[in-house]
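Structure, as C-alpha cells:
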Amino acid sequence: MKKITFLLFLCSVITFGQQKIVTKKHTTTHAEIIDYSKIYQKTTGKKIKKKEFLKILKKYPNLQMESVINADGSIEKYLVDLSKQDKKIRNNRIQPVLKGEVFPNFIAKTLENNKIELNKFKGKTVILRFELEANTFRFKKEEIKQLDGLINQVKNKNEKVKAVIFFASDKAEVRKGFNVPNSNFQLIANALNFHDKFSITRFPTTIIIDKNGVLVDYYKNIDDIDLEKIMAK
C-alpha cells in the first residue's frame, strides 16, 4: 500500500493534495495508508482497482472521497463520486445523531488496551467527550474536572455512569497531556474516525446518552448539564 498525505475534513470527506493545510476549527491534516481494496464508486457500488484509482487521482488532483466507518472506528470502505469532482471542497458529512435517537454502537480500545462497547453500557448514563489535541491549550482540562465533579456526586457512580473521551491525538500525546488525577474518564486515542463517524465538527463537544442508549443532547457548556436530573428520568 502506498502512503498518501491527504486532508481529512471532519465531515466525512477525504481530499488528496500535495500540501498540508491545517485550520483551527473544522479540519486537521492527517497522513494515512490507504487500502486500495476498499475504494468503490458511490453511484454504482463498483469496486475501483488500484491502477484505475491512480489514473483518477492524476486526473482529479483534489479528489474527494467519503469514508464509511465501522463501529470500531476502522474504515469499511471509501466512496468516490466522480460526478461531483471539481475544485470546490464539498461538505458531505453524514447527518449527526439527533436528540431523542438511539446513539449508534461503538467499540473502542482505551489507553490501557481495554475494550469498551456502548451497547454494554445499557442501564448506565454515558458521557462522551470529543477532543482534538490532548497536549495543547485546546484541551479544556478544567471542563473535565467539572464533569468529574458532577460524576463524583453520584452515589455508586461506577454502577451508574460511564465516561469516555475520544482524542484525535496519539497515545503518547494523550498520556503526556491528560494529567487529571483520579478522573472517571476512560481515554481513547487516535479517534479521528470516531469524530467523523458521529459527525462531530465542534471541539470540544460533550454528549450525554441516557440509560436506554438514547441521545439526551449535545452540550457546549458544562454548566448546562444537570446530570442528576438526567439520571432521574
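Where a number appears in this text, it was derived from the coordinates with a stated rule and is not lab data. This is a predicted model, so every value here is computed, not measured. Neighbour counts are summed over all protein chains in view; Cβ atoms, including those assigned to glycine, are modelled from backbone coordinates with ideal geometry.
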#### Entry: Table column - 3J(HN,Hα) (Hz), the stretch 184-193, Karplus curve with 6.51, -1.76, 1.60, x for Gly and Pro
7, 7, 8, 10, 10, 9, 6, 9, 4, 5
### Task
Report the FRET efficiency, 1/(1 + (r/R0)^6), for residue 120 and residue 170, where r is their Cβ-Cβ distance and R0 is 22 Å, rounded to 0.05.
0.25
### Task
Find out how many positive minus negative residues lie around residue 97, taking Lys and Arg as positive, Asp and Glu as negative, among other residues whose Cβ is under 12 Å from that of residue 97.
0
### Environment charge of residue 173, counting only residues whose C-beta is closer than 15 Å and scoring Lys/Arg +1, Asp/Glu -1
+2
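Please find the FRET efficiency linking residue 138 to residue 233, where r is the Cβ-Cβ separation and R0 is fixed at 25 Å, and quote it to the nearest 0.05.
Step by step, r from the Cβ atoms, then E = 0.15.
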### Message
Just the number: Rg to Rh for the stretch 45-87, Cα atoms, Kirkwood Rh, two decimals.
### Response
1.01
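Could you sort 196-209, 71-84, 111-124 so that the peptide with the highest average Cβ count within 10 Å comes first and the rest follow in order?
So the order, starting with the most tightly packed, is 196-209, 71-84, 111-124.
Take every DSSP beta bridge with both residues inside the stretch 74-179 and express the antiparallel ones as a percent of the total, to the nearest 5.
Taking every DSSP beta bridge with both residues in the stretch 74-179, the antiparallel ones total about 30 percent.
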### Task
Would you please put 177-187, 160-170 in order of how densely packed they are, using the mean number of other Cβ atoms within 10 angstrom per residue and starting with the highest?
160-170, 177-187
## Note on the structure
Amide H proximity to residue 63 below 5 Å, modelled H, separation 5+ or other chain, gives 16
### Difference of contour (0.36 nm per residue) and Cα-Cα distance, residue 75 to residue 113
11.7 nm
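For the stretch 93-159, just say rounded, prolate or oblate: build the C-alpha gyration tensor, square-root its eigenvalues into a ≥ b ≥ c, call rounded for a/c under 1.5, and beyond that prolate if a/b exceeds b/c, oblate if not.
Values: a/c = 1.39, a/b = 1.09, b/c = 1.28.
Cα axes put the stretch 93-159 in the rounded bin.
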### Query
Taking the Cα atoms of the stretch 29-175, what is the range of coordinates along each of the three principal axes, in descending order and whole Å?
60, 33, 28
### Summary
With R₀ set to 41 angstrom, the calculated FRET efficiency between the beta-carbons of residue 58 and residue 156, to the nearest 0.05, is 0.10
#### Entry: Spacing of the two label points (7 Å from each Cα toward its C-beta) at residue 214 and residue 47, in nm
4.2 nm
### Query
Counting pairs of Cα atoms in the stretch 120-233, how many percent are more than 26 Å apart?
14 percent
